[in-house]
Amino acid sequence: MSYNLTIDQGNSAAKLALWDGMEMVASSIETALTPDALTHFLAPYGGRVNDALYCSVRARGTEVMAMLSSFATRALRLTSEMPLPIKIEYGTPGSLGADRIAAAAGAYSIYPGEMLLVVDAGTAVTYDAVSPEGHFLGGNIAPGMNMRLEALHRFTARLPRVTVPREIPADKLFGTDTPSAMILGSVYGILGAVTYYKSQLKPDPRVVMTGGWACQLQRLCRFEVSVEPDLVSIGLNRILMYNEDNK
């Protein structure tokens with residue numbers, strides 16, 4: 001049996017996913033993408049894959065692509081120039097983050113024919129619009145939770161460094177001390193942006209969230225939110241299959 005491999009390289013870790021067609025059969029989070037990590041991950045499945053697609057928020061990837069070539073019959077790196085199942089309507093497509101392309105493709109593959117607001121709430125928060133016809137219309141980038149809190153500490157004289165709690169209280173709108181005021185100000189800043197973008201898109205979009213803060217934000221939203229933890233991996237696999245169909 002032949003498998004495909006997708007790798008979503010983020011700022012702090014890489015998510016590996018192994019696919020049998022549209023089915024994810026295994027996944028792993030690796031802090032370091034090394035030959036040993038790939039060998040261990042692929043060993044139960046024959047040690048090699050048919051195709052591999054690498055997506056990274058980092059600029060460099062030559063070494064990774066060389067490494068992948070020893071594990072895959074064909075190794076690709078996601079760019080805006082390769083065949084895609086969505087149409088990119090972005091003034092500078094070469095500068096569009098590969099993770100944003102993958103998330104948009106993933107959302108559209110799950111919810112085709114719907115207006116979509118795709119929110120990736122991680123180190124940074126991205127808000128991207130995808131039309132019912134599968135056109136990536138554009139999007140915005142803003143600081144994520146930890147970045148907001150760290151900026152408040154670093155660029156003011158007296159605000160403390162705050163550790164984000166595991167859960168944001170859903171019944172509390174305003175802080176009752178400085179740390180809670182900073183935390184709630186940050187989280188509701190993100191939530192307010194989601195709410196505003198949703199109100200401006202026509203037709204009314206489905207909000208699709210991914211990233212480490214997706215579940216927290218979903219709890220606080222007063223509208224339906226579809227959380228897809230594997231959204232980028234799903235999009236990478238869809239793009240990989242699209243390229244197989246269009247060889």
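Check Leu201, Leu220, Leu240 and return the single one that is within 28 Å of Ser27 (Cβ to Cβ) and touching a residue at least 60 places away in the same chain (Cβ under 8 Å).
Just a single option satisfies the conditions, and that option is Leu240.
Can you tell which of Leu201, Leu231, Leu220 is among the aliphatic types (A, V, I, L, M) and farther than 20 Å from Gly138 by Cα?
Residue meeting the stated conditions: Leu220.
Taking the residues in the stretch 34-63 that are aliphatic (A, V, I, L, M), out of contact with any Lys or Arg (no Cβ under 8 Å at 6 or more places or on another chain) and buried (at least 19 other Cβ atoms within 10 Å of the Cβ) as candidates, determine which candidate is farthest from Asn243 (Cα to Cα).
Leu38
Given the residues Ala32, Ala107, Ala121, Ala102, which is the only one that is within 30 Å of Ile190 (Cβ to Cβ), out of contact with any Pro (no Cβ under 8 Å at 6 or more places or on another chain) and assigned by TED's automatic domain parsing to the domain that holds Leu18?
Selected residue: Ala32, the only one of Ala32, Ala107, Ala121, Ala102 that is within 30 Å of Ile190 (Cβ to Cβ), out of contact with any Pro (no Cβ under 8 Å at 6 or more places or on another chain) and assigned by TED's automatic domain parsing to the domain that holds Leu18.
Of the conditions (1) surrounded by 16 or more Cβ atoms within 10 Å (Cβ to Cβ); (2) among the hydroxyl-bearing types (Ser, Thr, Tyr); (3) modelled with pLDDT under 95, Thr163 fails just one. Which one is it?
Single failed check for Thr163: (1).
Take the stretch 172-195 and flag every residue that is out of contact with any strand residue (DSSP E or B) (no Cβ under 7 Å at 6 or more places or on another chain) and closer than 11 Å to Leu117 by Cα.
Of everything in the stretch 172-195, just one residue is out of contact with any strand residue (DSSP E or B) (no Cβ under 7 Å at 6 or more places or on another chain) and closer than 11 Å to Leu117 by Cα, namely Thr195.
Does Ala13 satisfy being hydrophobic (A, V, I, L, M, F, W, C) and more than 19 Å from Leu240 (Cα to Cα)?
It is true that Ala13 is hydrophobic (A, V, I, L, M, F, W, C) and more than 19 Å from Leu240 (Cα to Cα).
Residues that are exposed (fewer than 15 other Cβ atoms within 10 Å of the Cβ) and touching a helix residue (DSSP H, G or I) at 6+ places or on another chain (Cβ under 7 Å), at least 1 per element: which strands (runs of 3 or more DSSP E) completely within the stretch 98-160 meet that?
135-143
For the stretch 207-228, what are the residues that are more than 15 Å from Met145 (Cα to Cα) and of a type in the set (S, T, N, Q)?
Ser226
So, Ser12, is that one touching a Lys or Arg at 6+ places or on another chain (Cβ under 8 Å), of a type in the set (Ser, Thr, Tyr), modelled with pLDDT under 95 and farther than 21 Å from Glu133 by Cα or not?
no
Just for helices (runs of 4 or more DSSP H) wholly inside the stretch 173-247: which have at least 1 residues that are outside the structural domain of Gly144 (by TED's automatic domain parsing) and under 24 Å from Asp99 (Cβ atoms)?
Where helices (runs of 4 or more DSSP H) fall fully within the stretch 173-247 and carry at least 1 residues being outside the structural domain of Gly144 (by TED's automatic domain parsing) and under 24 Å from Asp99 (Cβ atoms), they are 231-245.
The values are calculated or read from the model by the stated rules, or taken from the named source; none is laboratory data. Just so we're clear, the structure is a prediction, and the values are computed from it rather than from any experiment. Here the Cβ is made from the backbone with ideal geometry for all residues, glycine too, and neighbour counts use every protein chain on show.
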